[in-house]
Amino acid sequence: MKNAHFAKKLDNMNNNNLIVRLIIVLLIYLAIKYFVPNGGMILYPINLLVTFLHEFGHALGAVITGGDVVSLHINENGSGLCTTIGGNRPIILMGGYIGSAILGNILFYIGTKTPRFARIAMTVLAIAMAFSGLFWYGQMFTTGLLLAFSIIAILFAWKTDFSGNILMFLGLASIIHIIEDFNVGPTSDLEQYAKIFVLVPASVWMYVWLIIVVILFIFNMKWILKGSLNENNFRT
């Protein structure tokens, strides 16, 4: 009984620590963005990472539907472009906005719930960036940026113990940025999407995509918090 009581108490502490970590990461991001002078410059690498996830989402959409990726660009102003051939056009277009939200949620989940896999996830992310920069070459800035990001990710993954917290921050920052930028980021994708489904205007698709992204984040949060509660119930 004492062991069961101690285990329950320990699990409750772990669950509370998880919530505290989530709040701290959220507050850090909001503080940097809205209260720290030149916070935009601090978050500039995050914005470029979100752009990479967006363009990488397009690329994955092309690959999984039988298409090819010609090039992937990330520009200094935070915009990007992924040129593809073949594949399913609607899925490729959705892959940018919704795909980047899925990738952001995955990073956030791993960093929050499975920190023991954080190093592996950081390594996979580094490989994906290096591969994109080298094999989907678009311009020198893109390749140099992605190779630099990949090296930094590897160093953080294998030379520090911060991989879980870094993924939490990157994932959450990516999701928030995607939601805040819903009426700007996917503008060109929405226009192309509306040309395919001519009966529904881009302004409607904009909110449809936003709703999908918000629902993804809500379910991700439920899985994260529910998983902790289920672990507590199982162990007691």
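The values are calculated or read from the model by the stated rules, or taken from the named source; none is laboratory data. Quick caveat, the model's predicted, so the values are computed rather than measured. All Cβ positions, even for glycine, are placed from backbone atoms using ideal geometry, and neighbour counts span all protein chains on display.
Brief remarks on what is shown
- Residues that are hydrophobic (A, V, I, L, M, F, W, C) and touching a residue at least 40 places away in the same chain (Cβ under 8 Å) within the range 198-223 comprise Trp209, Ile212, Val213, Leu216, Phe217, Trp223, listed in sequence order.
- Scanning the range 117-132 for residues that are touching a residue at least 24 places away in the same chain (Cβ under 8 Å) and of a type outside the set (A, V, I, L, M), we see that the one that is nearest to Lys226 (Cα to Cα) is Arg119.
- Boolean, Leu145 is of a type outside the set (Lys, Arg), farther than 25 Å from Ile215 by Cβ, in a helix (DSSP H, G or I) and at pLDDT 90 or above: yes
- Criterion applied to Ser150, Ser163 was being touching a Lys or Arg at 6+ places or on another chain (Cβ under 7 Å), polar (S, T, N, Q) and in contact (Cβ under 8 Å) with a residue 24 or more places away in the chain, and the one residue passing it is Ser163.
- Failed condition for Asp68, given (1) touching a Cys at 6+ places or on another chain (Cβ under 8 Å); (2) surrounded by fewer than 24 Cβ atoms within 10 Å (Cβ to Cβ): (1)
- Scanning the range 175-194 for residues that are hydrophobic (A, V, I, L, M, F, W, C) and in a helix (DSSP H, G or I) turns up Ile175, Ile176, Ile178, Ile179, Leu190, Ala194.
- Conditions (1) under 19 Å from Gly164 (Cβ atoms); (2) at pLDDT below 85: number failed by Lys2: (1)
- Candidate set from the range 79-114 (those that are in a helix (DSSP H, G or I) and over 16 Å from the mean Cα position of the chain (by Cα)); member that is farthest from Phe219 (Cα to Cα): Arg89
- Residue under evaluation Cys82, criteria (1) out of contact with any helix residue (DSSP H, G or I) (no Cβ under 8 Å at 6 or more places or on another chain); (2) more than 22 Å from Gly164 (Cα to Cα), criterion not met: (1)
- Of the residues contained in the range 152-160, none is found to be touching a Phe, Trp or Tyr at 6+ places or on another chain (Cβ under 6 Å), buried (at least 16 other Cβ atoms within 10 Å of the Cβ), at pLDDT 95 or above and hydrophobic (A, V, I, L, M, F, W, C).
- Filter result for the condition that a residue is of a type in the set (S, T, N, Q) and modelled with pLDDT under 90, over Ser100, Ser174, Ser132: Ser174
- Matching entry among Ile166, Ile127, Ile120 (being assigned to a helix (DSSP H, G or I), hydrophobic (A, V, I, L, M, F, W, C) and more than 25 Å from Val63 (Cα to Cα)): Ile166
- Members of the range 27-42 found to be more than 18 Å from the chain's Cα centre (by Cα) and aromatic (Phe, Trp, Tyr), listed by number: Tyr34, Phe35
- Where Tyr44 falls short, out of the listed (1) out of contact with any strand residue (DSSP E or B) (no Cβ under 9 Å at 6 or more places or on another chain); (2) over 20 Å from Leu147 (Cβ atoms); (3) at pLDDT 85 or above: (2)
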